[in-house]
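Computed from the coordinates by the stated procedures, all read-outs in this text should not be read as laboratory data. All values reported here derive from a predicted model rather than from experimental measurement. All Cβ positions, glycine included, derive from the backbone under ideal geometry; neighbour counts span all protein chains shown.
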Amino acid sequence: MSAAPPQLKWGIVKQVLSGDSVIIRGQPQGGPPPEKQINFSNVLAPKLARRPGGANTGEDNRDEPWAWESREFLRKKLIGEEVYFTCERPQKSNRDYGVVYLGKDPATAQNITELIVAEGLVTVRRDSSHTSPELAKLVELEDAAKSSGKGKWSSSPASDHIRNIKWTQDNPRNFVEQFHGKPIKAIIEHVRDGSTIRAFLLLPDFNYITLIMSGIRCPGFKLDSEGKPDPSVTVPYAEEARYFVESRLLQRDVEIVLESVNNANFVGSILFPKGNIAEALLREGFAKCVDWSMAFMKSGAEKLRAAEKQAKEKRLRLWKDYQSNVQNFSGKEKDFYGTVVEVYNGDALSVKSPSGAIKKVFLASIRPPREAARVAGEDGKVPPRSKNRPLYEIPWMFEAREQLRKLIGKKVHCVLDYISPARDNFPEKYCYTVTLGKTNVAEALVAEGLATVVRYRQDDDQRSSQYDGLLSAEAQASKAGKGKINLPFLFIYLYIHQIEEKPI
């Protein structure tokens, strides 16, 4: 009596590990679905290179010939597709073996093992002690592939079918500059968490990178003492965020825009056919905006803020307990035009409205040049602060004030962003975005290195309405070494003015 045929199961291909193994997942029900690795019965694919580190030896760091072509053949055919499959675990084995069928109707579905054997991309295990009609069919297909010179049976030199992989970059920052913000074709190989992935950049060489998505952060996984995810600690929405990205991007063809470097990891944006994955994560409440990496974005920051705002308003996931601290303003103080009649020390103006009222206006979210911290002398005492200290003794304060002084007599547009409460014997401050024509005055100061941008807590919404523009301007000023951000020039500045103050 013959054994009953293995039962067919249904799933979706999540990942292709090699030319003879795939990971198949189920349908999500209230969370990430279960998944299973299926190794193809009776065949053996060439081995792919493995990332250096741990127990991986030098030999593991290179592909076997035709390994990449074998993997890619399956990836392009199976990723994200519905399949049927059989699953059996032989005795004394910890692996599941079976056959995968591509198609929505089991009666007409394509046998993937037979297909890849016919393409000459795997080797049939010819076991004389075990024969079956299925194995005989595979042997017949392999013999035909050999006769036709297909795949690994072709006369093409084996060396032409081994990738040149660069696992690390000697100078990541130069690597970023090399592409000038142009999209690079890539394949996502691993999703570490919702906002961090690993990918191969498809250049003449295969460049393997870790990428942090610009402008966002998803919940990460707690790591154990070995640096591996600790399954005993549950971080809310970490698994869901990773699954959200895996189901859309894992082993998909995408484009990556490299924007900066952070601790040898790259920072950039991922573009896929349906848009920007960072926006989608924010819109669903799986991520929050982060200012430090958003400053590197050439464009699109406003879309990320808008997507996050939608999630906040709907109180989705990470924002389920969100309470807005944005102040609502109305009346003439909120938005008015006026003429600048006086300037203060680098961050404030007096503006006269058409009615004749004069309003002191502080530039939102920037900090002017400040006096260096006073250092205690040999006696341990901190010298007193001079009451009438010249502006030029505070590096860049004079230049910042002079830049603002050019606005006197000019008509500006003032939009109130927030009111900073009174503290330390100082009155409350009305903080505005001030524009002259299309020029944001605060951004112009920051761009020249004459002011820095205030950093806020991530949940603090009281900031400039043009905050991302300020961050971008500061990043550019820092890169160009302008103004107070240019430390070597700052030392020269201090030295010159120190000489000027010495008595003759």
Rg and Dmax in Å for region 100-167, alpha carbons only: what are they? 14.9, 44
For the chain, what's the relative contact order in percent, using C-alpha pairs closer than 8 Å and at least 6 residues apart? 9
If you take the beta carbon distance between Phe329 and Arg367 as r and set R0 to 25 Å, what does 1/(1 + (r/R0)^6) give as a FRET efficiency, to the nearest 0.05? 0.65
Sorted by mean Cβ packing within 10 Å, highest first, what order do the peptides 435-442, 229-236 take? 435-442, 229-236
Could you check how many percent of all C-alpha pairs in region 9-161 are farther apart than 21 Å? 49
Over all directions, region 272-364 yields a Cα convex hull whose mean projected area in nm² is 9.1
Over the chain, the sum of -39500 (n - 2.57) across DSSP H runs of at least four, divided by residue number and rounded to 500 deg cm²/dmol, gives at 222 nm -7500 deg cm²/dmol
What spacing in nm lies between the two simple spin-label points modelled at Ser93 and Ser156, each 7 Å away from Cα in the Cβ direction? 3.0
What full-extension length gain, to one decimal in nm, is calculated for His190 and Arg163 as 0.36 nm per residue of separation minus the Cα-Cα distance? 7.9 nm
Give the value in nm², to one decimal: projected area of the alpha carbon convex hull of region 234-298, averaged over all directions. 5.3
Within 9 Å, Cβ to Cβ, of Ala447, how many net charges do the neighbouring residues add up to if Lys/Arg are +1 and Asp/Glu are -1? -2
Give me the mean projected area, in nm² to one decimal, of the convex hull enclosing the Cα positions of region 43-131. 8.1
With an 8 Å cut-off on Cα pairs and a minimum separation of 6 or more residues, tell me the relative contact order of region 1-110 in percent. 29
What ranking do 86-97, 259-270 get when scored by the average of other Cβ atoms within 10 Å per residue, highest first? 259-270, 86-97
What is the local net charge at Lys410, summed over the other residues whose Cβ is closer than 15 Å to its Cβ (Lys, Arg +1; Asp, Glu -1)? +3
Binning at 20 angstrom from zero up to the longest distance, how are the C-alpha pair distances of the chain distributed in percent? 18, 40, 26, 14, 3, 0
On a full-extension model of 0.36 nm per residue, what is the gain between Ser147 and Asp461, subtracting their alpha-carbon distance, rounded to one decimal in nm? 106.2 nm
